[in-house]
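Asks: My structure is below; once you've seen it, I'll send some questions.
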Amino acid sequence: METTPFLLALAGLAGVTYLMRLLGVRLGARARAGGEGTEASAARIWMDRAVVVLILAVAVTGGLFDGKEIADAGHVLGVGAGMAAGLLRVPMLLCVLLGMVVCALIRLSGFGW
């Protein structure tokens, strides 16, 4: 790997990471500055939605792909079962265990694409 592109990528990643953290702190302070009313501020609503989108994006990409290839049926269906359990507000540990069991059963059955 070339040194210059590596250092540029490293500096860019460090800078963007710092900016994202700073944005989180600033938005958090702005959300609290509105007082303790019952209505959520626009900054708080935006942060809540951003967290959901980020977690969903990671789950979808991690659940559908295995490296550069599409994941096997057990992996996809296991992640889907875990996410469905999470939507039904099942405790996190049970969501993970359910996903693992579904994945194992699908792989043992030989079902796949």
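Asks: Consider LEU87 carefully, then state whether it is open to solvent by 90 Å² or more (accessible area, probe 1.4 Å) and either acidic (Asp, Glu) or free of Cβ contacts under 8 Å to residues at least 12 places away in the same chain (or both). Talk me through it step by step, then tell me what you get.
Replies: Details: open to solvent by 90 Å² or more (accessible area, probe 1.4 Å): yes; either acidic (Asp, Glu) or free of Cβ contacts under 8 Å to residues at least 12 places away in the same chain (or both): yes.
Yes.
Asks: Within the range 65-97, can you find the residues that are assigned to a helix (DSSP H, G or I), more than 15 Å from the chain's Cα centre (by Cα) and not β-branched (Val, Ile, Thr)? Steps first, please.
Replies: Taking the range 65-97 as the starting set, the residues that turn out to be assigned to a helix (DSSP H, G or I) are 73-87, 92-97.
Those left that are additionally more than 15 Å from the chain's Cα centre (by Cα): 73-78, 81, 85, 93-94, 97.
Residues satisfying the conditions are ALA73, GLY74, HIS75, LEU77, GLY78, ALA81, ALA85, LEU93, LEU94, LEU97.
The values are calculated or read from the model by the stated rules, or taken from the named source; none is laboratory data. Every value quoted in this text rests on a predicted model; they were computed, and no experiment measured them. FYI the Cβ positions are ideal-geometry reconstructions off the backbone, even for glycines, and counts take in every protein chain you see. These area figures cover heavy atoms from the full protein model, side chains too; ligands, DNA and RNA do not enter into them. Shrake-Rupley method; radii C 1.70, N 1.55, O 1.52, S 1.80 Å.
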